[in-house]
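The values are calculated or read from the model by the stated rules, or taken from the named source; none is laboratory data. Quantities reported herein were computed from a predicted structural model and do not represent experimental measurements. Cβ: placed from backbone, ideal geometry, glycine included. Neighbour counts: every protein chain shown. For the accessible areas, the whole protein counts, side chains as well, though only heavy atoms, and no ligand, DNA or RNA atoms are used. Shrake-Rupley method; radii C 1.70, N 1.55, O 1.52, S 1.80 Å.
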Amino acid sequence: MLYLDTSALAKRYVTEPDSRQIEDLVTSHAGTVFTSIVTWAETLSVLARCQREGRLLPAEHRAQKKAFLADWNGIHVVEAIQPVLGPAEYLIE
């Protein structure tokens, strides 16, 4: 099982340091990648911001957005509800 937050998952769609490592992790954990429901909106926001800043050309933005939305169907989504978040305080520390 692999959990990726937005900052990690976005590296699949925007080239950044560690993008290759994230891709390798996702490949090696095929079918067992998890993320939060908020990652959907946050990743779309990252892609839009990268286009506005010129880090992605419009065609690249469209292609990466399409790739993300296709990948989303294969990611297990964890809802941010109290029973899920409750133990976070202890797990984080």
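Test Leu2 against the criterion of being surrounded by 12 or more Cβ atoms within 10 Å (Cβ to Cβ), at pLDDT below 95 and of a type in the set (A, V, I, L, M), and give yes or no.
yes
Would you mind stating whether Val84 is modelled with pLDDT of 95 or more and not aromatic (Phe, Trp, Tyr)?
Against the criterion (modelled with pLDDT of 95 or more and not aromatic (Phe, Trp, Tyr)), Val84 does not qualify.
Select from segment 10-30 the residues that are small (Gly, Ala, Ser) and in a helix (DSSP H, G or I) and list them in ascending order.
Ala10, Ser19, Ser28
Is one or more of the residues making up segment 17-24 in contact with a helix residue (DSSP H, G or I) (Cβ under 7 Å, 6 or more places away or on another chain) and touching a residue at least 24 places away in the same chain (Cβ under 8 Å)?
No, because not a single residue in segment 17-24 is in contact with a helix residue (DSSP H, G or I) (Cβ under 7 Å, 6 or more places away or on another chain) and touching a residue at least 24 places away in the same chain (Cβ under 8 Å).
Tell me which of these Ser7 doesn't satisfy, since it passes every other one: (1) small (Gly, Ala, Ser); (2) over 21 Å from His76 (Cβ atoms); (3) open to solvent by 60 Å² or more (accessible area, probe 1.4 Å).
(2)
For segment 31-65, name all the residues that are in a loop (DSSP other than H, G, I, E, B), in contact (Cβ under 8 Å) with a residue 12 or more places away in the chain and open to solvent by 70 Å² or more (accessible area, probe 1.4 Å).
Correct list: Ile37, Arg55.
Looking at this structure, is Leu69 modelled with pLDDT of 95 or more and either open to solvent by 50 Å² or more (accessible area, probe 1.4 Å) or of a type outside the set (Val, Ile, Thr) (or both)?
When the stated conditions are applied, Leu69 passes them.
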